[in-house]
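Worksheet: the structure to be examined is printed underneath.
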Amino acid sequence: MKFRSFTLLMLLVAGLPRLLLADTLLIVGDSLSAAYGMPVDQGWVSLLQRQLAAERYPYTLVNASISGDTTANARARLAETITRHRPAIVILELGGNDGLRGLSLDAMRDNLAAMIELAQAQGAGILLVGVDLPPNYGPHYTEKFREVYRALAADYQVALLPSLLDGVGTRTELMQTDGIHPNGKAQADIAARVRKYLEPLLEMQQ
């Protein structure tokens, strides 16, 4: 009788909708992913969650993004976050605050590398998301900044979205008055861009 009950339970679990057996997709970012300046449910992370749910992808999104975070801040808390959520996929959207504050790019690279290694050690797929700095930081620094993301993606063989705000950051109607953060009108475009680069990881994890 116990064996028959266990078998029935397994059959019921196998028949559950994919969404009820969801894995975790963890977003670790800064204000660009934390819906800065708008209600959280209007940010690109919430839009992506709704889109994946509508398409019945078995992922629950956990947004661990904190406005103002540097790569060092995020690195310090990532081990506990990964242990708690055990994500199947990690999106790393960090570095903007390092760049805006003129912090060491070598330290930024080391912090991102450590986070990639930690996520990979847990078997998680990774999407590394880059950002662009304002042009007033000068071409030399901004190019070295972009190269950090490209080098990490090549070294660790992880997916790379080169710029979260590509096509957004230069359009004033899509940016908040600070010229740094996208507004509510831009969030659907950002979600679509992330979704495009995330697609291979979603399929690989099935």
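The values are calculated or read from the model by the stated rules, or taken from the named source; none is laboratory data. Note that the coordinates shown come from a computational prediction; the quantities given were computed from them, not determined experimentally. Because the Cβ atoms are built from the backbone with ideal geometry, glycine has one as well, and the counts that use them run over all protein chains shown.
Annotation: Gln120 fulfils all but one of (1) of a type outside the set (A, V, I, L, M); (2) surrounded by fewer than 17 Cβ atoms within 10 Å (Cβ to Cβ); (3) farther than 20 Å from Leu78 by Cα; the unmet one is (3).
Looking across the range 152-183, the residues that are of a type outside the set (A, V, I, L, M) and under 28 Å from Asp23 (Cα atoms) come down to Asp155, Tyr156, Gln157, Pro162, Ser163. For the range 185-206, filtered to residues that are exposed (fewer than 15 other Cβ atoms within 10 Å of the Cβ) and assigned to a helix (DSSP H, G or I), the residue that is modelled with the lowest pLDDT is Met204. Here Thr81 clears all of (1) surrounded by 15 or more Cβ atoms within 10 Å (Cβ to Cβ); (2) at pLDDT below 95; (3) in a helix (DSSP H, G or I) except the condition numbered (2).
The one condition from (1) at pLDDT 95 or above; (2) among the hydrophobic types (A, V, I, L, M, F, W, C); (3) in a helix (DSSP H, G or I) that Leu26 does not meet is (3). If you go through the range 54-70 and keep only what is of a type outside the set (D, E, K, R), part of a loop (DSSP other than H, G, I, E, B) and more than 13 Å from the chain's Cα centre (by Cα), you end up with Tyr57, Pro58, Ser67, Gly68, Thr70. Looking at (1) crowded, with 18+ Cβ neighbours inside 10 Å; (2) under 25 Å from Lys196 (Cβ atoms), which one does Asp98 not meet, given that it meets all the others? Among (1) crowded, with 18+ Cβ neighbours inside 10 Å; (2) under 25 Å from Lys196 (Cβ atoms), Asp98 violates only (2). The set of residues in the range 167-184 being within 21 Å of Pro39 (Cα to Cα) and either among the hydrophobic types (A, V, I, L, M, F, W, C) or surrounded by 13 or more Cβ atoms within 10 Å (Cβ to Cβ) (or both) consists of Val168, Gly169, Leu174, Met175, Gln176, Ile180, His181, Pro182, Asn183, Gly184.
Remark: pairs (first residue in the range 42-56, among the β-branched types (Val, Ile, Thr) and modelled with pLDDT under 95; second residue surrounded by fewer than 20 Cβ atoms within 10 Å (Cβ to Cβ) and not in a helix (DSSP H, G or I); Cβ separation under 8 Å; 6+ apart in sequence or on different chains) are absent. For the range 106-150, the set of residues classified as over 18 Å from Tyr197 (Cβ atoms) and of a type in the set (Gly, Ala, Ser) consists of Ala107, Ala113, Ala114, Ala121, Gly123, Gly138, listed by residue number. Checked against the criterion of being modelled with pLDDT under 95 and not polar (S, T, N, Q), the candidates Leu133, Leu128, Leu165 yield just one match: Leu133.
Take the residues of the range 93-114 that are part of a helix (DSSP H, G or I) and without any contact (Cβ under 8 Å) to a residue 12 or more places away in the chain: which is nearest to Ala72 (Cα to Cα)? Only one residue tops the list, namely Asp110. Counting only residues that are among the acidic types (Asp, Glu) and within 21 Å of Leu198 (Cβ to Cβ), the range 151-184 holds 2 of them.
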